[in-house]
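I have placed the structure first, in the form of structure tokens, so that the comments after it can refer back to it.
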Amino acid sequence: MTLPMSDPTAWATAMNNLGMTPLGIAGQPILPDFDPALGMMTGIPPITPMMPGLGIVPPPIPPDMPVVKEIIHCKSCTLFPPNPNLPPPATRERPPGCKTVFVGGLPENGTEQIIVEVFEQCGEIIAIRKSKKNFCHIRFAEEYMVDKALYLSGYRIRLGSSTDKKDTGRLHVDFAQARDDLYEWECKQRMLAREERHRRRMEEERLRPPSPPPVVHYSDHECSIVAEKLKDDSKFSEAVQTLLTWIERGEVNRRSANNFYSMIQSANSHVRRLVNEKAAHEKDMEEAKEKFKQALSGILIQFEQIVAVYHSASKQKAWDHFTKAQRKNISVWCKQAEEIRNIHNDELMGIRREEEMEMSDDEIEETTETKETEESVSQAEALKEENDSLRWQLDAYRNEVELLKQEQGKAHREDDPNKEQQLKLLQQALQGMQQHLLKVQEEYKRKEAELEKVKDDKLQVEKMLENLKEKKEEIRSSDQEPEINNATVPRELLLFISGTQLRKMQCIQAPGMFASTVTSPRVPLRTGSLGVVETND
């Protein structure tokens, strides 16, 4: 089979059949034509990295240029590509972990074997679920195989060379949801999360400082070991930690007190060593400071010399002989050198200032010590005088308290009989008031009884007067006019009236609160024409 060198479509079809993705370049030959008679290529342009087909870097594909799909030949069928000018077929949103595709538009006479033959090129097929309505579901082994299967969406399939409608169809490939895919994806995500947690835990454990070893319990043997370690400078820290833990646990008792005292004494012996080490380190620091200061002084001297060279070169005698660019460089170099010199000079002055401050601090400490001694003497004298004055004041306060106690005792003694007399007088007055109240109550009861008696007498008099009126009316009605010039009132009535008036006078003349309240109607007597006593009621 011979392919024309200038036909890109034929080359693309051949590359597609071989499983190679076509580059999508149309109208440009991959290789120039050659003369078969000469058996060698003619007109070969110089090879460049951007040459199509042979270039190291493939040429970029324009984004708006459609990808050319070629015819796919299978054993039992043929797949024809869709129109490249049509938009790509629509697909649904891809489910997570999708390994299953929906394939629609299958021929009515299509079998499962033909489906396997077409889609096994995309990857390993795990399962096929074919329906009677010309569609099926295909589950692949990996997710990336689904993308390859989507490439076949839009192809027209033809079984063999038949043109019957039942032997043709248009494939529609889309993502499909499957519980198995979702379950495997969730398992994979959980596995990745576990791995991430494990990796993070391992990283934290690696970065975490190692935990101290557990402290052994106290015993005589361990005590002797710790005592030996306390004497060794290299094992002192570990031994001190063990000793501290034992003391905090409460291992010290009467039997082990001597052992703990010896260990504490051994720990105390390291104080002098630590002080000496600190002094040695301070000495090393001072020597290092001195070396640094000397080196910095030497550097500053050299900077001064360099700056002096720049200044001398800037004088007119030498400056006129330099070019403009040289003058510019010399000026820039001079500025940089001066800046660096000033920085180092400030640093050196700061070191000297710190030393002077330390010296002044030492002097101040010495002067403060002398001042403190003088002040302590003066303070002691002042405190002594203040103590004496306070003692005298305390004695005076004690004497005053004694006098106050004595005066209060006398006052209490003088006040006691007066208070008793006042209490007696108050009690007598209270008893008198109680007796007076009882008398008033008795008199009130007596007056009430008299008032009731007067009321009864009044009722009797009124009844008697009514009887007399009735008799008078009876006499008048009988038209009998006996001459009665000197009428006499019955003796019983006169006595009753005189007694009633006497009691009224006694009530009026009685003292107390009832004199104004107890009143009785006066019954004035007068003699009528017939000599009968009449009242003004």
- line: If you go through E251, E277, E238, the only one that is surrounded by 10 or more Cβ atoms within 10 Å (Cβ to Cβ) and not in a helix (DSSP H, G or I) is E251
field: All positions within the stretch 125-134 that are surrounded by fewer than 16 Cβ atoms within 10 Å (Cβ to Cβ) and either among the aromatic types (F, W, Y) or in contact with a Lys or Arg (Cβ under 9 Å, 6 or more places away or on another chain) (or both)
entry: I126, A127, I128, R129
statement: Considering the stretch 280-311, residues that are closer than 30 Å to Q336 by Cβ and among the acidic types (D, E), and then whichever is surrounded by the most Cβ atoms within 10 Å (Cβ to Cβ), we arrive at E304
- prompt: Here is a list of conditions, (1) assigned to a helix (DSSP H, G or I); (2) over 60 Å from the mean Cα position of the chain (by Cα), and A295 meets all of them except one; can you say which number that is?
  reply: (2)
Selection count, the stretch 41-65, where residues are modelled with pLDDT of 50 or more and in contact with a Gly (Cβ under 8 Å, 6 or more places away or on another chain): 2
- prompt: Would the stretch 100-120 turn up any residue that is closer than 27 Å to K188 by Cβ, among the aliphatic types (A, V, I, L, M) and either surrounded by fewer than 16 Cβ atoms within 10 Å (Cβ to Cβ) or free of Cβ contacts under 8 Å to residues at least 60 places away in the same chain (or both)?
  reply: yes
Tabulated pairs, the stretch 165-182, first touching a residue at least 60 places away in the same chain (Cβ under 8 Å) and not assigned by TED's automatic domain parsing to the domain that holds V103, second surrounded by fewer than 17 Cβ atoms within 10 Å (Cβ to Cβ) and not in a strand (DSSP E or B), C-beta under 9 angstrom, 6+ apart or interchain: none
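The values are calculated or read from the model by the stated rules, or taken from the named source; none is laboratory data. Everything numeric in this text was worked out from a predicted model, so none of it was measured. Here Cβ is always computed from backbone atoms with ideal geometry, including for glycine, and neighbour counts include all displayed protein chains.
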